Amino acid sequence: MQKLFFIFLISFSLLNASSIKVAVAANVSYAIKDLTKEFNKRFPNIKVKIILGSSGKLTAQISHGAPYQVFISADMKYPDALYKQKIAITKPKVYALGSLALFSHKKMDLSAGIYALKRANISKIALANPKTAPYGIAAKEALTNAKIYKNLKSKFVYGESISQTVSYAVSATDAGIIAMSSLYSKNMKHYKRKENWIEIDSKLYTPIKQGIVLLQENKDARDFYNFLLSKDAKKIFQLYGYKTP
């Protein structure tokens with residue numbers, strides 16, 4: 001009898017469970033597990049399916065009818081474009097401010113800041129593709145404003161997203177410009193500030209305002225959207241190196 005009751009409870013909970021699909025910019029991949037975990041404490045019956053990618057590629061998928069309910073972008077440009085096309089049903093809101101970091105998996109003198117990339121022993125530099133990744137746009141802007149972009153251009157190895165760029169920086173290049181949030185992930189925490197990485201001067205690039213939009217009117221999606229703008233979510237973003245509005 002107890003077995004039957006237990007099976008009934010499981011069946012009942014499965015019947016009442018629902019799921020949402022959320023398109024997530026690659027730089028948020030490090031924080032999204034903790035965010036969904038906290039969300040599920042409040043809404044245990046809502047399964048959040050995460051689709052990761054560069055903001056540009058995710059926007060293209062959404063424009064072509066991909067069935068996502070929420071879009072968490074790495075900038076405001078792509079969510080704004082979807083809103084203007086009347087694909088997004090909410091005006092883009094800033095959920096976090098991203099920062100750039102100069103990173104090397106080898107210990108190096110980083111006292112010169114971004115100009116440390118000019119050293120002769122740095123032959124390959126990982127960079128997110130500015131055509132598809134907002135962090136790539138910011139990195140290009142920082143290098144241009146530092147007046148070293150043209151001299152270093154031949155050394156760039158492009159990642160399609162910031163997570164791929166991090167992967168290249170860890171294994172295939174001498175250095176890289178990555179999202180500071182990635183350095184707070186479990187796999188990156190052993191790298192040390194000032195020995196392996198430093199924050200790039202924020203005056204060199206336009207603040208990376210990261211935007212969120214709701215794509216479909218759906219109660220579960222609306223709950224997740226609202227959660228990501230809540231104080232509890234902001235605390236988690238801050239733990240991963242983001243600033244919050």
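The table for this structure:
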read-out: Flag if Lys86 is at pLDDT 95 or above, under 19 Å from the mean Cα position of the chain (by Cα) and open to solvent by 20 Å² or more (accessible area, probe 1.4 Å); value: no
read-out: Any hit, the stretch 20-32, residues being surrounded by 14 or more Cβ atoms within 10 Å (Cβ to Cβ), without any contact (Cβ under 8 Å) to a residue 60 or more places away in the chain and β-branched (Val, Ile, Thr); value: yes
read-out: Residue ID - most open to solvent (accessible area, probe 1.4 Å), chosen from residues in the stretch 42-53 that are part of a strand (DSSP E or B) and among the basic types (Lys, Arg); value: Lys47
read-out: Per-region count, the stretch 159-192, residues more than 23 Å from Lys118 (Cα to Cα) and surrounded by 23 or more Cβ atoms within 10 Å (Cβ to Cβ); value: 4
read-out: First in the stretch 223-243 and on the phi > 0 side of the Ramachandran plot, second anywhere and small (Gly, Ala, Ser) and open to solvent by less than 10 Å² (accessible area, probe 1.4 Å), Cβ under 6 Å, 6 or more apart; value: Gly241/Ser181
read-out: Unique residue being open to solvent by less than 20 Å² (accessible area, probe 1.4 Å), under 30 Å from Trp197 (Cα atoms) and either at pLDDT 95 or above or not hydroxyl-bearing (Ser, Thr, Tyr) (or both) when the list is Phe71, Phe39; value: Phe71
read-out: Yes/no for Leu82 being under 20 Å from Lys57 (Cα atoms), among the hydrophobic types (A, V, I, L, M, F, W, C) and not in a loop (DSSP other than H, G, I, E, B); value: yes
read-out: For Tyr225: the one exception among (1) open to solvent by 20 Å² or more (accessible area, probe 1.4 Å); (2) modelled with pLDDT of 95 or more; (3) touching a strand residue (DSSP E or B) at 6+ places or on another chain (Cβ under 9 Å); value: (1)
read-out: Residue in the stretch 54-62 that is modelled with pLDDT of 95 or more and not in a helix (DSSP H, G or I) present; value: no
read-out: Some residue of the stretch 75-84 being free of Cβ contacts under 8 Å to residues at least 24 places away in the same chain and of a type in the set (Asp, Glu); value: no
read-out: Hey, Lys235 surrounded by fewer than 17 Cβ atoms within 10 Å (Cβ to Cβ), modelled with pLDDT of 95 or more and part of a helix (DSSP H, G or I) or not; value: yes
read-out: Residue that is nearest to Leu100 (Cα to Cα), among those in the stretch 33-66 that are of a type in the set (Ser, Thr, Tyr) and free of Cβ contacts under 8 Å to residues at least 60 places away in the same chain; value: Thr59
read-out: Any pair with Cβ under 6 angstrom, 6 or more apart, that starts in the stretch 194-206 at a residue that is under 15 Å from Ser181 (Cβ atoms) and ends at one that is among the β-branched types (Val, Ile, Thr) and part of a helix (DSSP H, G or I); value: Ile200/Ile114
read-out: Residue match in the stretch 201-218 (condition: touching a helix residue (DSSP H, G or I) at 6+ places or on another chain (Cβ under 9 Å), among the acidic types (Asp, Glu), at negative phi and modelled with pLDDT of 95 or more); value: yes
read-out: Close pairs from the stretch 112-132: first surrounded by fewer than 16 Cβ atoms within 10 Å (Cβ to Cβ), partner part of a helix (DSSP H, G or I) and at pLDDT below 95, Cβ under 7 Å, at least 6 apart; value: Lys131/Gly56
read-out: Per-region count, the stretch 202-222, residues in contact with a strand residue (DSSP E or B) (Cβ under 7 Å, 6 or more places away or on another chain) and assigned to a helix (DSSP H, G or I); value: 3
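The values are calculated or read from the model by the stated rules, or taken from the named source; none is laboratory data. As the structure is a computational prediction, the values presented were derived from the model and not from experiment. Please note: Cβ atoms are built from the backbone with ideal geometry, for glycine as well, and neighbour counts cover all protein chains shown. The area values use the complete protein model at the heavy-atom level, side chains included, leaving out ligands, DNA and RNA. Shrake-Rupley method; radii C 1.70, N 1.55, O 1.52, S 1.80 Å.
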